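Chemist: Quick one: the structure is below, and I'll ask about it shortly.
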Amino acid sequence: MTPAARNQAVIELLDDLLESLESAGPSLESLIRRYFAQRRYAGSSDRRQVREITYQIMRAFQHLVWRLEAAGGYAPSARNLLIAYLIQCAEDPAAVFSGQKYAPDPLDEAEHRLAKGLEATGQGPAWARLNCPHWMFAWFEKRFGEAIEDGLAALNERAPLVLRTNRLKGDRQAAATALQAEGVATAPGQIVSDALFVDDGAHIQAGAAYRQGWVEIQDEGSQMAAALVDPQPGMTVIDLCAGAGGKTLALAATMHNEGRLVAADIAAAKLSELAKRADRAGVTNIEIVELEPSPDTDRPARQLMTFKGVAERVLVDAPCSGTGTWRRQPELRLRFNTKRLNAILELQRGLLDQAATLVAPGGRLIYVTCSLLPAENEAQCAGFLNRHADWQNLDWKRIWSAAEPNPAPRSLSLAPDYLQLAPHLHGTDGFFVSIFEAPSRLPNRHREAIIAPQNNAAA
């Protein structure tokens, strides 16, 4: 592809994404994969450059939209966004929009006026300059405090490519050696002892180390969250929102394939992917359970009734805003609003209460989000403890010191016993983790809820 063709490809991808945002359609990464699957003539360098420019535009979307408005109220169309991006990069839009073979059509009169107007706009307010939706800025100020500039700026950077060593296959050094034989250099993670950092351009999934299950792609923050579940061999462990199973596979490796690991979710396609990944990783102790949504917020799905009160560990990797993953999915900024937040908060509350019924006396419920919003994290935990006064919140640092040789990182949480990771401080996605312990003797109301379904089944 020529440079002109690459710019036209960016416009076409932005058109697809803007349409997808209107219809709650595919993610940006999915759209890019689909776009190039239909254009096999594009080389790897072309794909990489088109992808990079498209992501850069989305990482600067709020700022570009603000500048379009300041320049005269121009709509954020795909062409206008590229024009604003080129001006921001000190490039001449007229040279890119040349109308030559495969190039975008020449600028029309309105677009020439836009280009001149953009040159006169300033940097704008902090929320726009830092690419944060205006209505969410106060929440990030609460999270980051005086580090608001660093915190939001880090969410606009490219996320690193991180691997998790599969303990079922070998240790980190053995995995690093296998990758080195494929020409992939690695560096050890700074937080989790199984983590390996690699160059973002490495073709990991095409290599033997990945195909043979030595490593999995997983952010170091996600690996830390899985480690804090602290599952032991022989336990009964439930991953209530397993999805495609990144954390599930990490739990299985920690358990050495010993015990009962239930991977449950309502998404059949993701569970199917988990089955393939488990086979590649050599995992044998996973039971995959496709759930029907429970009509009651305080009762688990029908398929989990037999697990009530028996699991030593229950992980709730809850659906959330995804604000902690903006580096990887910058378009999530545009898919989120207050209506969706309220729906997510209600869903999270229900999942926590459902999960509590599955935990054995003295067992643990681990609540995880990839969010930086206090409403989804500390506030949800405070609400859970208000509803379940006989449970206690455990200090994550004590559990970490028993599970990992590396020192515990500093948390950004607004409550001391909760863990909040953030890109600018930890280099990870923005994961939140809290750990609740059930009372060693459950109250009568809980015991009856456990016994009743068994009696009904026997009858």
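The values are calculated or read from the model by the stated rules, or taken from the named source; none is laboratory data. Computed from a prediction, not measured in an experiment: that's the story for all the values here. Glycine gets a Cβ as well: all are built from the backbone with ideal geometry, and neighbour counts include every protein chain shown.
Chemist: Filter region 43-78 down to the residues that are farther than 27 Å from ALA115 by Cβ and surrounded by fewer than 18 Cβ atoms within 10 Å (Cβ to Cβ), then identify the one that is modelled with the highest pLDDT.
Modeler: ARG48
Chemist: Restricting attention to region 304-328, and to residues there that are in a helix (DSSP H, G or I) and under 20 Å from the mean Cα position of the chain (by Cα), which single residue is surrounded by the most Cβ atoms within 10 Å (Cβ to Cβ)?
Modeler: GLY324
Chemist: In this structure, is GLN348 at pLDDT 95 or above, touching a Pro at 6+ places or on another chain (Cβ under 8 Å) and within 21 Å of ILE238 (Cβ to Cβ)?
Modeler: Yes, satisfied.
Chemist: Kindly evaluate LYS169 against the criterion of being assigned to a loop (DSSP other than H, G, I, E, B), under 29 Å from ALA408 (Cβ atoms) and either basic (Lys, Arg) or out of contact with any Asp or Glu (no Cβ under 7 Å at 6 or more places or on another chain) (or both).
Modeler: yes
Chemist: Kindly provide the set of residues from region 141-200 that are crowded, with 18+ Cβ neighbours inside 10 Å and hydroxyl-bearing (Ser, Thr, Tyr), ordered by number.
Modeler: Selection gives THR165, THR186.
Chemist: Okay, next question. Pick from region 419-436 the residues that are small (Gly, Ala, Ser) and assigned to a loop (DSSP other than H, G, I, E, B): which of them is farthest from GLN190 (Cα to Cα)?
Modeler: GLY430
Chemist: Looking at ARG313, ARG349, ARG333, can you tell me which residue is in the same structural domain as CYS381 (by TED's automatic domain parsing) and free of Cβ contacts under 8 Å to residues at least 60 places away in the same chain?
Modeler: The unique qualifying residue is ARG349.
Chemist: Turning to a different aspect of this structure: Would you call ALA244 in the same structural domain as LEU352 (by TED's automatic domain parsing) and part of a strand (DSSP E or B)?
Modeler: No, not satisfied.
Chemist: I would also like to ask the following. Could you go through region 193-215 and let me know if any residue there is basic (Lys, Arg) and within 30 Å of ALA301 (Cα to Cα).
Modeler: no
Chemist: Restricting to region 254-293, name every residue that is β-branched (Val, Ile, Thr), closer than 24 Å to ASP171 by Cβ and touching a strand residue (DSSP E or B) at 6+ places or on another chain (Cβ under 9 Å).
Modeler: Once the filter is applied, which keeps residues that are β-branched (Val, Ile, Thr), closer than 24 Å to ASP171 by Cβ and touching a strand residue (DSSP E or B) at 6+ places or on another chain (Cβ under 9 Å), region 254-293 yields VAL283, ILE286.
Chemist: Under 6 Å between Cβ atoms, at least 6 apart or on separate chains: pull out the pairs that start in region 266-279 with a residue that is under 20 Å from LEU351 (Cβ atoms) and in contact (Cβ under 8 Å) with a residue 24 or more places away in the chain and end on any residue that is among the charged types (D, E, K, R) and surrounded by 15 or more Cβ atoms within 10 Å (Cβ to Cβ).
Modeler: From residues that are under 20 Å from LEU351 (Cβ atoms) and in contact (Cβ under 8 Å) with a residue 24 or more places away in the chain, the pairs are LEU271/ASP265; LEU271/GLU290.
Chemist: Still on this structure, I have one more. Looking at region 234-249 only, could you name the residues that are charged (D, E, K, R) and farther than 18 Å from GLY309 by Cα?
Modeler: Of everything in region 234-249, just one residue is charged (D, E, K, R) and farther than 18 Å from GLY309 by Cα, namely LYS247.
Chemist: State the number of residues belonging to region 382-402 that are surrounded by fewer than 17 Cβ atoms within 10 Å (Cβ to Cβ) and touching a residue at least 60 places away in the same chain (Cβ under 8 Å).
Modeler: Residues that pass the stated criteria total 1.
Chemist: Starting from residues that are over 21 Å from the mean Cα position of the chain (by Cα) and of a type outside the set (A, V, I, L, M, F, W, C), keep the ones in region 52-74 and report whichever is farthest from GLU29 (Cα to Cα).
Modeler: GLY72
Let's see how each residue does on (1) touching a strand residue (DSSP E or B) at 6+ places or on another chain (Cβ under 7 Å); (2) farther than 25 Å from PRO300 by Cβ:
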| site | (1), (2) |
| --- | --- |
| TRP326 | no, yes |
| ARG333 | no, yes |
| PHE336 | no, yes |
| ARG340 | no, no |
| ARG364 | yes, no |
| ASP390 | no, no |
| ASN393 | yes, no |
| ALA408 | no, yes |
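Chemist: Could you identify the single residue in ALA355, ALA415 that is crowded, with 21+ Cβ neighbours inside 10 Å and out of contact with any Lys or Arg (no Cβ under 6 Å at 6 or more places or on another chain)?
Modeler: Step by step, each of ALA355, ALA415 is checked, and only ALA355 is crowded, with 21+ Cβ neighbours inside 10 Å and out of contact with any Lys or Arg (no Cβ under 6 Å at 6 or more places or on another chain).
To keep it simple, each residue is scored yes or no on (1) within 19 Å of GLN56 (Cα to Cα); (2) without any contact (Cβ under 8 Å) to a residue 60 or more places away in the chain; (3) aromatic (Phe, Trp, Tyr).
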position: GLU91; (1), (2), (3): yes, yes, no
position: ALA95; (1), (2), (3): no, yes, no
position: GLN100; (1), (2), (3): no, no, no
position: GLU111; (1), (2), (3): no, yes, no
position: PRO125; (1), (2), (3): no, yes, no
position: ALA128; (1), (2), (3): yes, no, no
position: GLU141; (1), (2), (3): no, yes, no
